1. Of the residues that make up region 86-95, is at least one exposed (fewer than 12 other Cβ atoms within 10 Å of the Cβ) and either within 24 Å of residue 117 (Cβ to Cβ) or at pLDDT below 85 (or both)?
2. If you scan region 62-83, which residues turn out to be closer than 15 Å to residue 15 by Cβ and either without any contact (Cβ under 8 Å) to a residue 40 or more places away in the chain or not in a strand (DSSP E or B) (or both)?
3. I'm trying to understand the selection: among the residues of region 2-21, which are surrounded by 11 or more Cβ atoms within 10 Å (Cβ to Cβ), modelled with pLDDT under 95 and within 24 Å of the chain's Cα centre (by Cα)?
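The values are calculated or read from the model by the stated rules, or taken from the named source; none is laboratory data. Note that this is a predicted model, so its numbers are computed, not measured. All Cβ positions, glycine included, derive from the backbone under ideal geometry; neighbour counts span all protein chains shown.
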């Protein structure tokens, strides 16, 4: 496989509001040739590299932070990433039907993921606090090979 080569672009800003809130945002774009990825070997924990013709990955990360206000602090963040990889596959190890699929895919692309995270903390006393966190993610695309009934 040939090494991946790409151009990465990024821009961001941060702004404070009302002395207790801060908003951070960051936009990025990555254009990559011979995009390297990992694939599982026969549904085991062993992975090996593969490469796609090219990839364009772009997204935005935002975070709203509450900075210690009457015992409360925390944040809410949102990350949205669209990562498209284009066929054909230009390198890697493929066995059985995977080899046939890799050779036959000459066009099209695959999408990627997004996620949301929140965290809140309340300082009860100088030494005691309580916190909670929530996370939601769409995950990466995968192919389910089983039967829906389990």
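1. Going residue by residue through region 86-95, those that are exposed (fewer than 12 other Cβ atoms within 10 Å of the Cβ) are 95.
Still in the running and either within 24 Å of residue 117 (Cβ to Cβ) or at pLDDT below 85 (or both): 95.
Yes, region 86-95 has at least one match.
2. Kept after step one, since they are closer than 15 Å to residue 15 by Cβ, are these residues of region 62-83: 62-67, 75.
Result: 62, single match.
3. 4, 5, 6
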